[in-house]
Amino acid sequence: MNGSLILESPDTRTLRTILVDLTPVLPGGENGGAKVFVIELLRRLAERAPQTQFVLLTQSSAHTELAALDSANVRRLMVLDSGGPPAARPQRTGKFSRISAVIPGRLVRAARRVGHSLLARSRRNESRSALSDLDVDLLFCPFTAPTYFKLNIPTVCVIYDLQYKAYPQFFAPGDIAQRDHTFKEAVRRSNALAAISDYSRDAAIAEAKLDPAWLRLGTDLLERNGWWLSYFYFTTEARAGNENKLADLRRL
C-alpha cells in the first residue's frame, strides 16, 4: 500500500455522515472476534475523524451494550426490534426443514436464496422511515451483508472468510445458504470491498472472479485505521465518477 495515501490523504470533508450497519451484533460474545475488531475499529475511526458523524444502526438486544461507543460524533439508531412477531420464525424454519427433506437440493437452495432476499428487503422496508431523514455519504457494512444498500449511497463491505466453501462439512445447509447469499450480495451491491487477511482476500477473488483492485487488504488494520478513512473517501469519489480519485482508490 502507498504509505502517503494511508497517512496523509484521508480528506473526510465530504464524509459528513457514515452509516454503519451493526444490526448483526448480538449480546455478549456471540459474534466472536469480528465484534471485538469492529467495535475497536469504530472507536478509533471516530477519534481520528471528529468532523464525521457515525450513525450506528442497531437491533434491540444489543442496543444498550453498544452505548459504550457513544461520543460527540457517534450515535446509535435502533432500527430492529427483536421482540414480537419474529419469535414465530423458528416454527416456520422447522416446517421448511421438513419440506426440504423431500424436494430436490437445487430447489431447496433456490428457495433459501429467495428467503434471504425477502428477509433483507423486509428489514430495509421496516427501517425506511427511520433512515429517510439521514443525509448519508457512505454505508459501511463491517459484518459483510449490505442489508441497507441504496443505489445512491456508496457502500463498503468487509469480507472475513469463505470457510463455508472450503469446509462445507462443518456447516448446516441453511448456514451455507445464508453465508453464500451474504457474500454474493456484498460483491453485487458494494462499491468496494475490504478483506481482513490474505486468505480471505485471495479466496474471495478466486470465488467471485473479482478484479483484485476492488478488494483491498488492510494489514494491521487497527493500527493503521487511517487506511479505512482513505478507503471510504476514495470510494465515495470513485462512485461519483471522479476518475482521478478512482485511480487513487486502486492504488490504496
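Residues checked against (1) at pLDDT 90 or above; (2) farther than 30 Å from T17 by Cα; (3) in contact with a strand residue (DSSP E or B) (Cβ under 7 Å, 6 or more places away or on another chain):
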{"residue": "K150", "(1), (2), (3)": "no, no, no"}
{"residue": "K165", "(1), (2), (3)": "yes, yes, no"}
{"residue": "W214", "(1), (2), (3)": "no, no, yes"}
{"residue": "D220", "(1), (2), (3)": "no, no, no"}
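Residue by residue, here is whether (1) at pLDDT 90 or above; (2) farther than 18 Å from V36 by Cβ; (3) in contact with a helix residue (DSSP H, G or I) (Cβ under 6 Å, 6 or more places away or on another chain) holds:
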| site | (1), (2), (3) |
| --- | --- |
| Q53 | yes, yes, no |
| E65 | yes, no, no |
| A68 | yes, no, no |
| S82 | no, yes, yes |
statement: Over the range 130-157, the set of residues within 17 Å of Q178 (Cβ to Cβ) and without any contact (Cβ under 8 Å) to a residue 40 or more places away in the chain is C157
message: Within the range 112-135, does at least one residue satisfy the condition of being at pLDDT below 90, polar (S, T, N, Q) and in contact with a helix residue (DSSP H, G or I) (Cβ under 6 Å, 6 or more places away or on another chain)?
response: no
message: Going by what's in this entry, would M1 be described as at pLDDT below 50 and either within 17 Å of W228 (Cβ to Cβ) or not small (G, A, S) (or both)?
response: yes
field: Criterion: surrounded by fewer than 19 Cβ atoms within 10 Å (Cβ to Cβ), modelled with pLDDT of 85 or more and not polar (S, T, N, Q) - qualifying residue of A172, A195, A204
entry: A172
query: Does the range 29-39 contain any residue that is modelled with pLDDT of 55 or more, crowded, with 18+ Cβ neighbours inside 10 Å, touching a strand residue (DSSP E or B) at 6+ places or on another chain (Cβ under 6 Å) and in a helix (DSSP H, G or I)?
result: no
task: Looking only at the range 228-243, decide whether some residue is at pLDDT below 90, hydroxyl-bearing (S, T, Y) and over 15 Å from L139 (Cβ atoms).
output: yes
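The values are calculated or read from the model by the stated rules, or taken from the named source; none is laboratory data. From a predicted model like this one, the values you see are computed outputs, not experimental measurements. All Cβ positions, glycine included, derive from the backbone under ideal geometry; neighbour counts span all protein chains shown.
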